[in-house]
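In what follows, a single structure is set out as structure tokens and then discussed.
The values are calculated or read from the model by the stated rules, or taken from the named source; none is laboratory data. Remember, predicted model here, so these are calculated numbers, not experimental data. Here the Cβ positions follow ideal geometry from the backbone for every residue, glycine too, while neighbour counts run over all protein chains shown.
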Amino acid sequence: MSTVLTNAAGLTDVGLKREDNEDSFFADSKLGLFVVADGMGGHLAGEVASRTAVDLVIKSFQSWTSRETREEELFAHPDLSLSKTGNYILSGIRLANKVIHEMAVAHKQYQGMGTTVAVLAVMPDLVVSANVGDSRIYMVRNGRIERLSKDHSIVAEQVEMGIMTNEEAEHSPLKHVLTRNLGSSENVDPEVYEIQPTNGDRFLLCTDGLTDLVPDAEIRQMVVAEDDPENLCRKFIDKALTRGGHDNTTIVSVYLSGFEKQPSRAAKKIGGFFVDMLSNTKQTEK
Amino acid sequence: MAKLILMFKDQVLKEFPFMKESITIGRKPDNDIQIDNLAVSGRHAKIDKTGSGFTLTDLQSTNGTFVNDKKIASQKLNDGDRVIVGKHTLLYVDAETDQAEENNIDQTMVLDTAKQRELLAKQRGGTGKETEKIGVLSPLGNSGMEDIKLTKKLTRMGKASNSEVRLSGLFMGATAAAISKRPSGYTITFTGGMTKLKVNGQVVKDSAQLKDHDKIELGSHRFQFHQRKADSF
């Protein structure tokens, strides 16, 4: 069995051009759950959407985890390629979608509201990352950066299909048009990934306020250079503001450490055997 | 104005309003509608204005020209017809249907109507899932073990009872290695312990992305990794 220490921090900023902050976030190292959401919709509806998404994902996760709810009893059909924890997250996101969608349909002031969501769950033996929309989750492991999320935007999908280059995507007027979000339809298909955590892993959840202004290579550099997650968040916000702060910007950073691995029982046994053998040998040599 | 919408796998690429009496379609750059794909002949087909409508004619192309999946030599086009040239589709939109385009002067536009945006938004799942590939580990040697399908997003390999792939061995860790399916593909990670992980003979101390036919060694266990289409099982 291994244990893991999580050191995390989160920070959000309205930016220099917007009046309201429609981003929401949550970071709890003890629970091992981290969420970021970027809302959209007029008259503070965006804030309602993102706050609702974050609250529902957390509450459902807490509830199901504490009761060890069986996968068949979750809100959504379990995905057989995922672990139990993975399904808790998947169901939580689907539940949030349903609620936000219903709110948007039932209330005129919430019409058209929606939000992205990016979730990271950290357990001693498992890390689950899930997203809907273009808020991202990055992992920096052994100095290399990798995305644990997939952008649900028109341009990202065109790049994936080989119809557009990354360069064209950067300058496309459709850069921020999403193909999936929470709230616009009854059903949603989140992206979910599961990985085995290793010592020294560093994760980052962020909204596009950051990634519009800071490329992946620079993000990697900054994560590797900063050992304190709180300082890292501060640095990212400052950078976004220096570069214009055109949008709300939210960062949550999670650093893993302190992996304690028990030596394998076999090794202990063999080690013990040799110790015995050596002490016996010593005696017979007398 | 009538128009043709060029699509590839349900993705809208360009629009071509009918500005001339005759339009040519083919791979060569001097065509009105150039489709740069090997399945398309240099001069593949043409569309002529005939009376109030348009007629499509195949120019003896190598792979043929199809309308709504039927191979044609020459045929009058109806609203909504799907003209297939090589692997591309040209959707024919009649003048009456196409009201929004009246004011348009541009020769080609991309994604300017809500309908097209919808089309793109709808391409979710349709193109992704069919070609989805599942990783498979084939045991090498006389292990007597069967092929292991990597259907889970995370596959743990080791001695622990909760491992998706249980492996024995004196020095095998509870979880010796893990294979995860990520946006970038399948990746194998060495998770610690005394048993070494090797991919194609090289020791892997952290992670390695897996490619088709890669050979994986974990202690005395050897596997070959490949990817197969989901619907081939």
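Residue-by-condition table, conditions (1) modelled with pLDDT under 90; (2) assigned to a loop (DSSP other than H, G, I, E, B); (3) surrounded by 17 or more Cβ atoms within 10 Å (Cβ to Cβ); (4) more than 10 Å from chain A (Cβ to nearest Cβ):
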residue: B:Q99; (1), (2), (3), (4): yes, yes, no, yes
residue: B:L120; (1), (2), (3), (4): yes, no, yes, no
residue: B:V136; (1), (2), (3), (4): no, no, yes, yes
residue: B:S143; (1), (2), (3), (4): yes, yes, no, yes
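Of all residues in region B:182-203, which are of a type outside the set (A, V, I, L, M), more than 7 Å from chain A (Cβ to nearest Cβ) and surrounded by 15 or more Cβ atoms within 10 Å (Cβ to Cβ)?
Once the filter is applied, which keeps residues that are of a type outside the set (A, V, I, L, M), more than 7 Å from chain A (Cβ to nearest Cβ) and surrounded by 15 or more Cβ atoms within 10 Å (Cβ to Cβ), region B:182-203 yields B:Y186, B:T187, B:F190, B:T195, B:K196, B:K198.
Given the criteria in a helix (DSSP H, G or I), over 24 Å from A:N21 (Cβ atoms) and modelled with pLDDT of 90 or more, does A:Q283 qualify?
Against the criterion (in a helix (DSSP H, G or I), over 24 Å from A:N21 (Cβ atoms) and modelled with pLDDT of 90 or more), A:Q283 does not qualify.
Which of the residues belonging to region A:122-138 are surrounded by fewer than 24 Cβ atoms within 10 Å (Cβ to Cβ) and not hydroxyl-bearing (S, T, Y)?
Selection gives A:V122, A:M123, A:P124, A:D125, A:L126.
So which helices (runs of 4 or more DSSP H) stay within region A:149-244 end to end and still have 1 or more residues that are more than 14 Å from chain B (Cβ to nearest Cβ) and either surrounded by fewer than 18 Cβ atoms within 10 Å (Cβ to Cβ) or touching a residue at least 24 places away in the same chain (Cβ under 8 Å) (or both)?
Of the helices (runs of 4 or more DSSP H) lying wholly inside region A:149-244, those with at least 1 residues that are more than 14 Å from chain B (Cβ to nearest Cβ) and either surrounded by fewer than 18 Cβ atoms within 10 Å (Cβ to Cβ) or touching a residue at least 24 places away in the same chain (Cβ under 8 Å) (or both) span A:166-171, A:208-211, A:216-225, A:229-242.
Inside region B:40-58, can you point out the residues that are in a loop (DSSP other than H, G, I, E, B) and surrounded by fewer than 15 Cβ atoms within 10 Å (Cβ to Cβ)?
If the condition is that a residue be in a loop (DSSP other than H, G, I, E, B) and surrounded by fewer than 15 Cβ atoms within 10 Å (Cβ to Cβ), then B:G42, B:G51, B:S52 are the ones that fit.
Pick from A:V127, A:V122, A:V99: which is at pLDDT 95 or above, under 14 Å from the mean Cα position of the chain (by Cα), among the β-branched types (V, I, T) and under 19 Å from A:L56 (Cα atoms)?
Sole residue among the options that is at pLDDT 95 or above, under 14 Å from the mean Cα position of the chain (by Cα), among the β-branched types (V, I, T) and under 19 Å from A:L56 (Cα atoms): A:V122.
For region A:138-148, which positions are at the interface with chain B (Cβ under 10 Å from one of its Cβ atoms) and either within 11 Å of the chain's Cα centre (by Cα) or under 19 Å from A:A37 (Cα atoms) (or both)?
A:M139, A:R147, A:L148
Which of the residues belonging to region A:24-55 are part of a strand (DSSP E or B) and under 19 Å from the mean Cα position of the chain (by Cα)?
A:S24, A:F25, A:F26, A:A27, A:D28, A:L33, A:F34, A:V35, A:V36, A:A37, A:D38, A:G39
Looking at (1) over 18 Å from A:L82 (Cα atoms); (2) part of a loop (DSSP other than H, G, I, E, B); (3) more than 10 Å from chain A (Cβ to nearest Cβ), which one does B:S161 not meet, given that it meets all the others?
(1)
For a quick check of your reading of the model, give me the residue pairs whose first member lies in region B:12-27 and is farther than 22 Å from A:M164 by Cα, whose second is assigned to a strand (DSSP E or B) and acidic (D, E), with beta-carbon atoms closer than 7 Å and at least 6 apart or on different chains.
From residues that are farther than 22 Å from A:M164 by Cα, the pairs are B:E21/B:D48; B:S22/B:D48.
I'd like the full set of residues that are hydroxyl-bearing (S, T, Y), in contact with a Phe, Trp or Tyr (Cβ under 9 Å, 6 or more places away or on another chain) and more than 16 Å from A:V127 (Cα to Cα), limited to region A:70-111.
Of everything in region A:70-111, just one residue is hydroxyl-bearing (S, T, Y), in contact with a Phe, Trp or Tyr (Cβ under 9 Å, 6 or more places away or on another chain) and more than 16 Å from A:V127 (Cα to Cα), namely A:S91.
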